[in-house]
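Step one of this worksheet: look at the structure below.
The values are calculated or read from the model by the stated rules, or taken from the named source; none is laboratory data. In this text the structure is predicted, and so the values were computed from the model without any measurement. Cβ placement follows ideal geometry from the backbone for every residue including glycine, while neighbour counts extend to all protein chains displayed.
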Amino acid sequence: MKIAFIVDPLEGLKPYKDSSVAMMRAAQARGHEVFALLRDDLRLRDGIVSARAQPLTVSDDNARWYAAGEARDFNLAAFDAVLMRQDPPFDFEYITATWLLERAKAQGAKVWNDPRAVRDHSEKIAITEFSQFTAPTLVARATADINAFIDEFGDVILKPLDGMGGSGIFRVRRDDPNRNSIIEMLGQLGSQTIMAQRYIPAISEGDKRILIIGGEVMPYCLARIPKDGESRGNLAAGGRGVARPLTPRDREIAETLAPQLWARGLLIVGLDVIGDYLTEVNVTSPTCMVEIEAQTGCAVATKVIEALEHS
């Protein structure tokens, strides 16, 4: 198979922990050809979607993890699989990329995750489809609505709808003297919609990342435990990742969502669960594969390649 990965610039990837790199290594180990391209290089000309892509030879040496061949033009339908692994922000340029990839899919390209499904699944708002598994949640723009939610629950999390890695997340209590300033900043003076969720004390035990690959729930999650004095467990915010077997509640949530999300063309999904509550459905570039494999031996990246082989 020829497998193309749409990723951030290669020199900026962190091979010791990057899930896309892990998938490249797994693909090559199974005898497949690996290519890399940037979202910037996608183009649509006379109805055909193409891009400049580089063939890669990857290694386990994190200091020099890849050697790139000469870039050349490819019709995306020439690849056996195209994996969109561009990190957020999910801005207009990201949406434009999903339109181009949707046209490529119409021309026969196999694109994962399905571009329409990515566009339709806001990683924050998608949880509202499964409200039986969520803590009280508000999505609103009006300052009065957000303040009323804080007054009702007393201790809440506020977050932007387009962030990643814990950026822009605030814990706000009813008596917080800075609460209006935080609302103004996140909502850009009432011009942006934000999310509010009742604070879940179980965050002290970890923000769990549960991976679903091709509709199959992986048996281990990565609990991202906040550092002292922090209410965010994200690894990018200094959290410590500890792999754990799924709890019965984790499995209930994941196995309810898995067949529905897979039917929509979402090959790789990362659910975020705190305590007993679903908090996010990540579909752009879910991570934590490397940490889970290192601690448990569960080769999640290889599972992805196996799923592509049978898709």
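Residues of the range 250-272 that are polar (S, T, N, Q) and in contact (Cβ under 8 Å) with a residue 40 or more places away in the chain: T256 alone. Is it the case that D73 is in a strand (DSSP E or B), free of Cβ contacts under 8 Å to residues at least 24 places away in the same chain and not assigned by TED's automatic domain parsing to the domain that holds L235? In short, yes. Of the residues making up the range 1-39, those that are in a helix (DSSP H, G or I) and either out of contact with any Ser or Thr (no Cβ under 7 Å at 6 or more places or on another chain) or not hydrophobic (A, V, I, L, M, F, W, C) (or both) number 14.
Could you please let me know if V111 is touching a Ser or Thr at 6+ places or on another chain (Cβ under 6 Å) and either surrounded by 18 or more Cβ atoms within 10 Å (Cβ to Cβ) or within 22 Å of T279 (Cα to Cα) (or both)? Working first, answer last.
Working: touching a Ser or Thr at 6+ places or on another chain (Cβ under 6 Å): no; either surrounded by 18 or more Cβ atoms within 10 Å (Cβ to Cβ) or within 22 Å of T279 (Cα to Cα) (or both): yes.
No: the conditions fail for V111.
Residue by residue, here is whether (1) among the charged types (D, E, K, R); (2) part of a loop (DSSP other than H, G, I, E, B); (3) touching a Lys or Arg at 6+ places or on another chain (Cβ under 9 Å) holds:
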| residue | (1), (2), (3) |
| --- | --- |
| E252 | yes, no, no |
| L257 | no, no, no |
| L266 | no, yes, no |
| G270 | no, no, yes |
| L278 | no, no, no |
| E293 | yes, no, no |
| K303 | yes, no, no |
| E306 | yes, no, yes |
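Among the residues of the range 141-192, not one is buried (at least 16 other Cβ atoms within 10 Å of the Cβ) and of a type in the set (S, T, Y). Of all residues in the range 31-58, those satisfying the criterion of being surrounded by fewer than 14 Cβ atoms within 10 Å (Cβ to Cβ) and farther than 28 Å from E93 by Cβ are G31, T57. Exactly one residue among V118, V82 is β-branched (V, I, T), crowded, with 19+ Cβ neighbours inside 10 Å and either at positive phi or assigned by TED's automatic domain parsing to the domain that holds A27 (or both), and that residue is V82.
For R52, state whether it is under 23 Å from A109 (Cα atoms) and touching a Lys or Arg at 6+ places or on another chain (Cβ under 8 Å). Can you show your working first?
Working: under 23 Å from A109 (Cα atoms): yes; touching a Lys or Arg at 6+ places or on another chain (Cβ under 8 Å): yes.
Yes; evaluated as a whole, the condition is true for this residue.
Look at the range 55-68: where a residue is in the same structural domain as S19 (by TED's automatic domain parsing) and closer than 13 Å to M23 by Cα and a partner is surrounded by 13 or more Cβ atoms within 10 Å (Cβ to Cβ) and of a type in the set (D, E, K, R), sitting 6+ places away or on another chain with Cβ atoms under 6 Å, you get V58/R25. Would you check if there is a residue in the range 145-158 being among the β-branched types (V, I, T) and either assigned to a loop (DSSP other than H, G, I, E, B) or at pLDDT below 95 (or both)? Looking for residues that are among the β-branched types (V, I, T) and either assigned to a loop (DSSP other than H, G, I, E, B) or at pLDDT below 95 (or both), one finds none in the range 145-158, hence no.
Looking at the range 205-214, is at least one residue part of a strand (DSSP E or B), touching a residue at least 12 places away in the same chain (Cβ under 8 Å) and surrounded by fewer than 22 Cβ atoms within 10 Å (Cβ to Cβ)? Walk me through how you get there before you give the answer.
Within the range 205-214, the first condition is being part of a strand (DSSP E or B), and the residues that meet it are 207-213.
Going one step further and asking which of them are touching a residue at least 12 places away in the same chain (Cβ under 8 Å), we end up with 207-213.
Checking the rest, the ones that are also surrounded by fewer than 22 Cβ atoms within 10 Å (Cβ to Cβ) come to none.
No, there is no match, as no residue in the range 205-214 is part of a strand (DSSP E or B), touching a residue at least 12 places away in the same chain (Cβ under 8 Å) and surrounded by fewer than 22 Cβ atoms within 10 Å (Cβ to Cβ).
In the range 121-132, the residues that are at pLDDT 95 or above form Cβ pairs under 7 Å with partners that are assigned to a loop (DSSP other than H, G, I, E, B), at six or more places apart or across chains, as follows: I127/T134.
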